[in-house]
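K.L.:
I'd like to ask some things about the structure below.
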Amino acid sequence: IRLKGVEKSMQTNEVNLSVDLKCFKMKNPVMAASGTYGFGREYAEYVDLNAWGGISVKGLTLEERAGNPPPRTVETPSGMLNSVGLQNPGIQAFLQNELPFLRQFDTVIIANVAGNTVEEYVEMARILNKTDIDVIELNMSCPNVKKGCMAFGSTPDGISQVVNAVRHATDKPVMVKLTPNVTDIKIIGKAAEEGGADAIVAVNTVKAMRISTELRRPVLGNVFGGLSGKAIFPIAVRSVYDLYDAVDIPIIGCGGISSADNVLEMMMAGASDV
């Protein structure tokens, strides 16, 4: 297993699943990915939130955002397209209404943030620096919005600029969620590391679209969306494998993971966490 910069230990009669990512620790290597789990509250009656090593909350913006016009989701073979457009109540509403609920549970809380400008990323980092959030995750890879995110995350200069500015605005661990929609993810990952990222999350959804042959128009209201689910798992594995040889910081594998065997495969590719 290609683990880098991560300490794992085995006790005499039981396996210790805790993971030390150097920048922060988790009691096990499995977290709920941002965008798929809301703010945790939505799943609390179905799943014990204490079971997670960490929960990355739905993407937050500085102000409340309504999101994209419907339709927002469509099923595809082995996956789905979504074009929610980062609908969220804004960072202050999250801190007031959602974070106190999450802090009841024994799990690492990760705030995923997205900005239209470098200044917006920095301002959210400054706000979160005064809270008991454990980790800040920079969303630089959402393909469903017209400004920010992937516009920064698809070039080395863009990603380095944002990460470096955020790094100087907070003492919290900072991880960067990368897009697979680039020519060479190794270059993007290296830029994130050089900008000051403590860890990398690979990958976000793959930009895609569907067209209704009956209606003769794109299915999604925003035309394009992000493909997720089992269909993108091989892309995520390849991305993690490529990044492992390019960076020295921990890599968190993300995308299409749906079984324990998938977790092991990700770790064999080089992920320290999934």
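The values are calculated or read from the model by the stated rules, or taken from the named source; none is laboratory data. What you see is a predicted model; the values in this text were computed from it and never measured. Note that each Cβ is placed from the backbone with ideal geometry, even for glycine, and that neighbours are counted across all protein chains shown. Please note that ligands, DNA and RNA were not included when accessible areas were found on the heavy atoms of the full protein model with its side chains. Shrake-Rupley method; radii C 1.70, N 1.55, O 1.52, S 1.80 Å.
K.L.:
Counting only residues that are more than 22 Å from Y121 (Cα to Cα) and of a type in the set (S, T, Y), how many does region 58-83 have? Explain how you work it out, then say what you get.
P.N.:
Quick first cut of region 58-83, residues more than 22 Å from Y121 (Cα to Cα) only: 69-82.
Still in the running and of a type in the set (S, T, Y): 73, 76, 78.
Here the count works out to 3.
K.L.:
Among the residues of region 161-171, how many are open to solvent by less than 40 Å² (accessible area, probe 1.4 Å), part of a helix (DSSP H, G or I) and not β-branched (V, I, T)?
P.N.:
First, the residues of region 161-171 that are open to solvent by less than 40 Å² (accessible area, probe 1.4 Å): 162-163, 165-166, 169-170.
The next check asks that each one be part of a helix (DSSP H, G or I); those that pass are 162-163, 165-166.
Next, only the ones that are not β-branched (V, I, T) stay: 165.
Total satisfying the criteria: 1.
K.L.:
In region 173-182, what residues are outside any strand (DSSP E or B) and surrounded by 21 or more Cβ atoms within 10 Å (Cβ to Cβ)?
P.N.:
Scanning region 173-182 gives T179, P180.
K.L.:
State whether one or more residues within region 256-266 are more than 19 Å from S56 (Cα to Cα) and either within 15 Å of the chain's Cα centre (by Cα) or crowded, with 19+ Cβ neighbours inside 10 Å (or both).
P.N.:
Yes; the residues of region 256-266 include at least one that is more than 19 Å from S56 (Cα to Cα) and either within 15 Å of the chain's Cα centre (by Cα) or crowded, with 19+ Cβ neighbours inside 10 Å (or both).
Quick grid of which residues meet (1) under 12 Å from L60 (Cα atoms); (2) modelled with pLDDT of 95 or more; (3) buried (at least 18 other Cβ atoms within 10 Å of the Cβ):
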site: R103; (1), (2), (3): no, yes, no
site: V108; (1), (2), (3): no, yes, yes
site: A111; (1), (2), (3): yes, yes, yes
site: T117; (1), (2), (3): no, no, no
site: Y121; (1), (2), (3): yes, yes, yes
site: A125; (1), (2), (3): yes, yes, yes
site: N129; (1), (2), (3): no, yes, no
site: I133; (1), (2), (3): no, yes, yes
site: E137; (1), (2), (3): yes, yes, yes
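K.L.:
Looking at (1) in contact with a Lys or Arg (Cβ under 9 Å, 6 or more places away or on another chain); (2) buried (at least 17 other Cβ atoms within 10 Å of the Cβ), find the lone condition where G40 falls short.
P.N.:
All conditions are met except number (1).
K.L.:
Out of all the residues in region 207-240, which are in contact (Cβ under 8 Å) with a residue 40 or more places away in the chain, closer than 25 Å to S160 by Cα and open to solvent by 10 Å² or more (accessible area, probe 1.4 Å)?
P.N.:
Answer for region 207-240, where residues must be in contact (Cβ under 8 Å) with a residue 40 or more places away in the chain, closer than 25 Å to S160 by Cα and open to solvent by 10 Å² or more (accessible area, probe 1.4 Å): K207, I235.
K.L.:
For residues that are modelled with pLDDT of 95 or more and of a type in the set (V, I, T), scanning just region 183-194, find the one that is most open to solvent (accessible area, probe 1.4 Å).
P.N.:
I187
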